[in-house]
Amino acid sequence: MRALITGGKGFVGQWLAAHLEDSGDEVAVIDLETDVADGAAVRRVMTEVSPDAVYHLAAMTHVGESWDDPSQVLRVNVLGTAETLAAARAQPASPRVLVVSSAEVYGVVAPEQLPVDEDTPTVPSSPYAASKLAAEAVALQAWRGYRQPVVVVRPFNHIGPGQSPNFIVPALAKRIVEARRFGGTSLRVGTLTTRRDFTDVRDVVAAYRLLIERGVPGEVYNVCSGLDVAMSDVAAQLLALAGAALTLETDPELVRPVDVPVLRGDASRLYAATGWRPTTPLAKTLADVLASWEAED
């Protein structure tokens, strides 16, 4: 299978490219060198590659930063999705397209709504989440209007080695490693009362390939572990793994304007379609994330 990954040099894109190659696929990637909101540029790449499958990962992904420039987030995440789909549609044999959305589209979920499945109402509470829900609408309309083979995926929090410290788990790991190296005694943190459903990125990319193969066009699929963990527990596990005794100090700059208190997903639809199950324990993922920062010079 010949695959094209947009955003292929990012955290998830690199893991996905490696997984596809290990599975015997031929892989091409585009990233910041191609503006996905530039239709002509995307069409040129799509024609050159002539893919059988397109994994559309390219997006502005930082929830907190989306509050600073919502217009650019909408441009990249919504228009970029529309142009990628249009370019794929223009190919002689329209490739299957996986559009990566986010569990953030569910917004603030009441306890009685947990675990969240794909029929849970979507009430995005950040510009990032709103952009992802709009991108979903574009993708699903492409299926309904053109019968374009598009599958939408809503990954919950995914973590692993190589993730940017703009995200909370690698940020905590990085600060812990730096504190140990330089004799720090405290660890800056944001809100630790939130609970999240974490999946290892290596399990996530395996789900993506399975959905390209077996997902039903026009469907939306959660990718998640089905377990929620408090960020305070994640911080404690990282400190224990590092053998570090640090005082936690809340930094107001790390607290988001709106934060979803609890998010736990239901991946039954994904399981039924593909047989996928997450296989990497959270403890291993956290150990690998910590080790990746310890290996940094």
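The values are calculated or read from the model by the stated rules, or taken from the named source; none is laboratory data. Model, not experiment: these values are computed from the prediction. So basically every Cβ, Gly included, is an ideal-geometry build from the backbone, and we count neighbours across all protein chains shown. Accessible surface is based on the protein model in full, side chains and every heavy atom, while ligands, DNA and RNA are left aside. Shrake-Rupley method; radii C 1.70, N 1.55, O 1.52, S 1.80 Å.
From the list 194, 199, pick out the single residue that is open to solvent by less than 20 Å² (accessible area, probe 1.4 Å), among the β-branched types (Val, Ile, Thr) and within 18 Å of residue 14 (Cα to Cα).
199
Conditions (1) under 20 Å from residue 17 (Cβ atoms); (2) part of a loop (DSSP other than H, G, I, E, B), marked per residue:
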position: 120; (1), (2): no, yes
position: 136; (1), (2): no, no
position: 141; (1), (2): no, no
position: 164; (1), (2): yes, yes
position: 176; (1), (2): no, no
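Within the set of pairs 6+ apart or on separate chains, which have a first residue in segment 1-25 that is of a type in the set (Phe, Trp, Tyr), a second that is part of a loop (DSSP other than H, G, I, E, B), and C-beta atoms under 6 Å apart?
11/162; 11/163
Could you check how many residues of segment 221-239 are among the small types (Gly, Ala, Ser), more than 14 Å from residue 156 (Cβ to Cβ) and surrounded by fewer than 18 Cβ atoms within 10 Å (Cβ to Cβ)?
Number of matching residues: 3.
Scan segment 242-260 and give yes if some residue there is modelled with pLDDT of 95 or more, over 29 Å from residue 183 (Cβ atoms), surrounded by fewer than 17 Cβ atoms within 10 Å (Cβ to Cβ) and under 20 Å from the mean Cα position of the chain (by Cα), otherwise no.
Looking for residues that are modelled with pLDDT of 95 or more, over 29 Å from residue 183 (Cβ atoms), surrounded by fewer than 17 Cβ atoms within 10 Å (Cβ to Cβ) and under 20 Å from the mean Cα position of the chain (by Cα), one finds none in segment 242-260, hence no.
Within the set of pairs 6+ apart or on separate chains, which have a first residue in segment 171-183 that is in contact (Cβ under 8 Å) with a residue 24 or more places away in the chain, a second that is open to solvent by 70 Å² or more (accessible area, probe 1.4 Å), and C-beta atoms under 6 Å apart?
Within 6 Å, the pairs are 177/294.
Name the one entry in 269, 277 that is open to solvent by 10 Å² or more (accessible area, probe 1.4 Å), of a type in the set (Lys, Arg) and not in a helix (DSSP H, G or I).
When all the criteria are applied, what remains is 277.
Would segment 197-214 turn up any residue that is more than 20 Å from residue 106 (Cβ to Cβ) and at pLDDT below 95?
no
What number of residues within segment 140-158 are under 19 Å from residue 190 (Cβ atoms) and open to solvent by 10 Å² or more (accessible area, probe 1.4 Å)?
2
Kindly indicate the residue of segment 89-116 that is assigned to a loop (DSSP other than H, G, I, E, B) and of a type outside the set (Gly, Ala, Ser) and also nearest to residue 128 (Cα to Cα) among those meeting that condition.
Residue satisfying both the conditions and the ranking: 108.
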